[in-house]
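Structure first, then comments.
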Amino acid sequence: MQLKNTIDFYFSFFENKKLFRVFPKLKEELLSQYNQIIYNSDKQNSNIDLFQEYFQVIDTGIKDDHYIVSWLIGKIDNLVSKNNLPKVHFNIKSLFSDIENLDPNKSLFYSNKDEKDFKPIYVSYYLPIGNLIVVDGNHRVKEFINRRKEKIEGYYFTPDWNFQTMNELSFSLYKFHHNLVTLHSLCQKKDINLWSFKVDKSLMPNTFYGDKTVFKNLIFKKFLLLFCK
């Protein structure tokens with residue numbers, strides 16, 4: 001995990017935009033969330049079942065900064081079953097799929113299998129980097145590419161599902177990155193009529209995942225932000 005450049009970039013940007021002055025508790029809350037990441041990292045259980053978790057390196061886009069998150073496949077299985085999710089067809093070109101680091105034996109298994117017997121893939125929308133990440137089914141995606149298929153069947157889950165399918169460290173990283181990116185996007189908007197932002201744990205666009213910061217008098221504060229160059 002390497003986040004120093006990312007934190008320096010966003011915090012400097014927010015300072016320059018006077019975001020921390022306009023929302024007094026915001027900096028404190030973001031620092032608290034980062035401290036939670038450090039705490040969760042220190043207590044992370046080293047006994048990891050590689051067959052039950054999918055790991056993905058996330059690049060923040062700031063120099064070489066990155067971190068690793070994981071999804072608990074068993075939990076996703078249960079949620080898909082309990083919520084009776086509909087299957088959807090994904091355009092393979094739209095998917096962020098790690099097809100370069102696959103198990104050769106598993107790849108061979110799927111190459112000899114009829115595609116109608118393939119289990120649907122699992123796809124998570126990872127808002128901080130704006131990608132649809134394949135969290136289960138990368139071998140199947142690769143095989144479909146080999147067969148020159150354009151679409152693949154699977155289940156889609158929204159960002160809020162990450163709370164239920166990630167471990168504590170992964171989710172604390174996700175929500176922190178989410179908050180940095182959405183706050184940055186907030187400051188980039190020029191049209192006040194399109195400016196909306198709220199504290200909300202849906203992890204959707206224009207939301208802040210937190211408990212301490214209050215976003216009130218938004219139009220007035222947007223004027224302040226617009227004139228803070």
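Do any chymotrypsin sites (Phe, Trp or Tyr not before Pro) in segment 25-121 lie in a DSSP loop with no more than 10 other beta carbon atoms within 10 Å, and if so, which?
Details: sites: Y34, Y39, F51, Y54, F55, Y67, W71, F90, F96, F109, Y110, F118; in loops: F51, F118.
Those that pass, being in a loop and sparsely packed, are F51.
Which entries of K27/K63; K82/K198; K17/K63; K25/K175 have Cα-Cα distances beyond 27 Å here? It would help to have the intermediate numbers written out before the result.
Working: K27/K63 23 Å; K82/K198 30 Å; K17/K63 22 Å; K25/K175 17 Å.
Table pairs above 27 Å Cα-Cα are K82/K198.
Simple spin-label model, 7 Å along Cα-to-Cβ: N16 to K106 in nm?
Output for this residue pair reads 4.2 nm.
In Å², what does the accessible area per residue of segment 104-168 work out to with a 1.4 Å probe?
On the way: 3300 Å² over 65 residues.
I get 51 Å² per residue for this part.
Could you look at the chain and say what percent of its accessible area is carbon and sulfur, using a 1.4 Å probe and all protein chains? The partial results should precede the final answer.
On the way: 6550 of 12790 Å².
C and S atoms contribute 51 percent here.
If you take the charge dipole of segment 112-172 about its Cα centre, with +1 on Lys and Arg Cβ and -1 on Asp and Glu Cβ, which of I133, N167, I145 is farthest toward its positive end?
Most positive-ward Cα: I145.
Over segment 98-164, what number does the Rg to Rh ratio reach, with both radii from the alpha-carbon atoms and Rh per Kirkwood?
Across segment 98-164, the Cα-based Rg/Rh ratio is 1.00.
State the extension gain, in nm to one decimal, for the chain segment bounded by R148 and D8, taking 0.36 nm per residue of separation less the distance between their alpha-carbons.
On the way: separation 140, 0.36 × 140 = 50.40 nm, distance 4.35 nm.
This chain segment gains 46.1 nm when fully extended.
Semi-axes of the equivalent ellipsoid for segment 1-102, please: Cα gyration tensor eigenvalues, times 5, square-rooted, ordered largest first, whole Å. Before the final figure, lay out the partial values.
Working: eigenvalues 206, 69, 59 Å².
Largest first, segment 1-102 gives 32, 19, 17 Å.
Given the C-alpha atoms of segment 45-169, compute the convex hull and give its volume per residue in Å³. Display every interim value, and only then the final one.
Numbers: hull volume 15.9 nm³, N = 125.
Convex hull volume per residue, Cα atoms: 127 Å³.
Over all Cα pairs of the chain, how is the pair count split among 5 Å bins, expressed in % and running from 0 up to the last occupied bin?
Bin by bin from 0 Å, the calculated values are 1, 6, 13, 16, 17, 14, 11, 9, 6, 4, 2, 1, 0.
The values are calculated or read from the model by the stated rules, or taken from the named source; none is laboratory data. Computed from a prediction, not measured in an experiment: that's the story for all the values here. Glycine gets a Cβ as well: all are built from the backbone with ideal geometry, and neighbour counts include every protein chain shown. Please note that ligands, DNA and RNA were not included when accessible areas were found on the heavy atoms of the full protein model with its side chains. Shrake-Rupley method; radii C 1.70, N 1.55, O 1.52, S 1.80 Å.
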